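**Q** Submitted below is the structure of interest, expressed as structure tokens.
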Amino acid sequence: CLRSLRLPPVPVHPQPFRWRDVVTLTELRRAHVHARDRHLLPVVYAKLFWGAAGGFLVMFTIAATVRFGLDDAGVPVEALVASATGSLYLARGIGTGVGPVLSRTLFPGTARSLRRQISGGFLVAFLGYLPFATADTLTVAFVVVVLSHLGGGVIWVSSTVLWQQDADDAFRGRLSALESATLTLGMSAGAFASGLTFDATGSVELATYAACALVALGGGSWTWWSRAARQPGERRA
């Protein structure tokens, strides 16, 4: 897919590359300032708000171990645990891959529509993962994860498409780095919170509900911020 791309020359940036700027996070700060000046902060940081979904990834392994990977005597079997974990990650991959294609087919590619799709993605993920808390078979859990990550995939792709429409070419790499860095921080925090909840309660249900609550909070906060911020003009994606 990538070999056929014909990319324009990389623009020369007025600041020369220096490792010191990387280590001191100066380049990320420049990316933040550029996003602020272009009114792109909500879309660049959308994946940070999606970071609570890191808790769901923790629950894959936990649910596979204590619920879907047991033999008839209720003892975890390594092969069953591995198979169940892999199946849930497969379901995540399917949902993430299909979601953006489906949204692109059903909805327009304007900036306003893409922002609404991001908000809708949070809602789909929140509602989709609620049944995961009580899913008693791997088949049910698989379907639930696929449906939930239809929304997650839309968040992932739509937010990147939005900031790429209005970012200066000289800052695309830095904005991508800022987006990835904040996503990693958010996912780590979400995973830690979910794992901490399970360690404290021993309950798949409560840990999953906690992750759902954080996703709902993140989605609501992002939607409010996106609407409050001044939006650039609509474009076709």
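The values are calculated or read from the model by the stated rules, or taken from the named source; none is laboratory data. Everything numeric here is computed off the predicted structure, so don't read it as measured data. In this analysis, Cβ positions are derived from the backbone assuming ideal geometry, glycine residues included, and neighbour counts consider all displayed protein chains. To get the accessible areas, we keep the full protein, side chains included, count just its heavy atoms, and leave off ligands, DNA and RNA. Shrake-Rupley method; radii C 1.70, N 1.55, O 1.52, S 1.80 Å.
**Q** Pull up region 125-144, narrow it to residues that are within 21 Å of Ser87 (Cβ to Cβ), free of Cβ contacts under 8 Å to residues at least 60 places away in the same chain and not small (Gly, Ala, Ser), then point me to the one that is most open to solvent (accessible area, probe 1.4 Å).
**A** Applying the filter and picking the extreme gives Thr139.
**Q** So, in region 167-180, exactly how many residues are open to solvent by less than 40 Å² (accessible area, probe 1.4 Å) and either closer than 20 Å to Ala52 by Cα or hydroxyl-bearing (Ser, Thr, Tyr) (or both)?
**A** 2
Yes/no matrix, rows are residues, columns are (1) over 19 Å from Val215 (Cβ atoms); (2) assigned to a helix (DSSP H, G or I); (3) among the aliphatic types (A, V, I, L, M); (4) at pLDDT 95 or above:
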position	(1), (2), (3), (4)
Ala73	yes, no, yes, no
Ala79	yes, yes, yes, no
Leu102	yes, yes, yes, no
Thr105	yes, yes, no, no
Pro108	yes, no, no, no
Gly128	no, yes, no, no
Ala133	no, yes, yes, no
Gly152	no, yes, no, no
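**Q** Here is a follow-up. For Phe122, all conditions in the list (1) of a type outside the set (Gly, Ala, Ser); (2) touching a residue at least 24 places away in the same chain (Cβ under 8 Å); (3) not in a helix (DSSP H, G or I) hold save one; what is the number of the exception?
**A** Of (1) of a type outside the set (Gly, Ala, Ser); (2) touching a residue at least 24 places away in the same chain (Cβ under 8 Å); (3) not in a helix (DSSP H, G or I), only one is false for Phe122: (3).
**Q** Regarding region 219-233, can at least one residue be identified that is within 19 Å of the chain's Cα centre (by Cα), of a type outside the set (Val, Ile, Thr), more than 29 Å from Thr61 (Cβ to Cβ) and open to solvent by 50 Å² or more (accessible area, probe 1.4 Å)? Outline the logic, then answer.
**A** Applying the first criterion (within 19 Å of the chain's Cα centre (by Cα)) to region 219-233 yields 219-226.
Now drop any that are not of a type outside the set (Val, Ile, Thr), which leaves 219-222, 224-226.
Narrowing the set further to residues that are more than 29 Å from Thr61 (Cβ to Cβ) leaves 224-226.
Those left that are additionally open to solvent by 50 Å² or more (accessible area, probe 1.4 Å): 224-225.
Yes, some residue in region 219-233 is within 19 Å of the chain's Cα centre (by Cα), of a type outside the set (Val, Ile, Thr), more than 29 Å from Thr61 (Cβ to Cβ) and open to solvent by 50 Å² or more (accessible area, probe 1.4 Å).
**Q** May I pose another question? From the list Ala82, Ala35, which residue is surrounded by 11 or more Cβ atoms within 10 Å (Cβ to Cβ) and in contact (Cβ under 8 Å) with a residue 24 or more places away in the chain? Steps first, answer last, please.
**A** Working: Ala82 fails: in contact (Cβ under 8 Å) with a residue 24 or more places away in the chain.
Result of the check over Ala82, Ala35: Ala35.
**Q** Restricting attention to region 96-124, which residues are aromatic (Phe, Trp, Tyr) and open to solvent by 20 Å² or more (accessible area, probe 1.4 Å)?
**A** Listed by number, the list holds a single entry, Phe107.
**Q** Consider Gly128 carefully, then state whether it is within 17 Å of Lys47 (Cβ to Cβ) and small (Gly, Ala, Ser). So that I can check it myself, show each step before the final result.
**A** Numbers: within 17 Å of Lys47 (Cβ to Cβ): no; small (Gly, Ala, Ser): yes.
Here the answer is no, as Gly128 does not meet what is asked.
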